[in-house]
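Below: the structure, in structure tokens.
The values are calculated or read from the model by the stated rules, or taken from the named source; none is laboratory data. None of these values were measured; they are calculated from a predicted model. Reconstructed Cβ throughout: ideal geometry from the backbone, glycine too, with neighbour counts over all protein chains shown.
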Amino acid sequence: MKFQEQVTDEERLNIINYFLENIDSIEDVKDKNKLYRTILDSVIWRKVDTKEAEIEINFL
């Protein structure tokens, strides 16, 4: 996949549409995770205390 700055809005829409059309039909967990990764730009987590983490998910 290209770096986010190089992905056009049309490509982003195509990726999201592909995701929406296919996510429910995929049963294999590994394949489903791969498809989720196509729409995630980054996941940032910070440890807040010993029991919780603060999570920020950036989509395309």
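Assuming VAL43 fulfils every condition listed in (1) at pLDDT below 90; (2) in a helix (DSSP H, G or I); (3) of a type outside the set (Gly, Ala, Ser) apart from one, which condition is it?
Unmet condition: (2).
State whether the residues of segment 14-28 include one that is among the small types (Gly, Ala, Ser) and in a strand (DSSP E or B). Quick ask: steps written out before the conclusion?
Keep residues of segment 14-28 that are among the small types (Gly, Ala, Ser), which gives 25.
Subset that is in a strand (DSSP E or B): none.
Looking for residues that are among the small types (Gly, Ala, Ser) and in a strand (DSSP E or B), one finds none in segment 14-28, hence no.
Restricting attention to segment 17-44, and to residues there that are of a type in the set (A, V, I, L, M) and under 17 Å from GLU56 (Cα atoms), which single residue is surrounded by the most Cβ atoms within 10 Å (Cβ to Cβ)?
The extreme case among them is ILE39.
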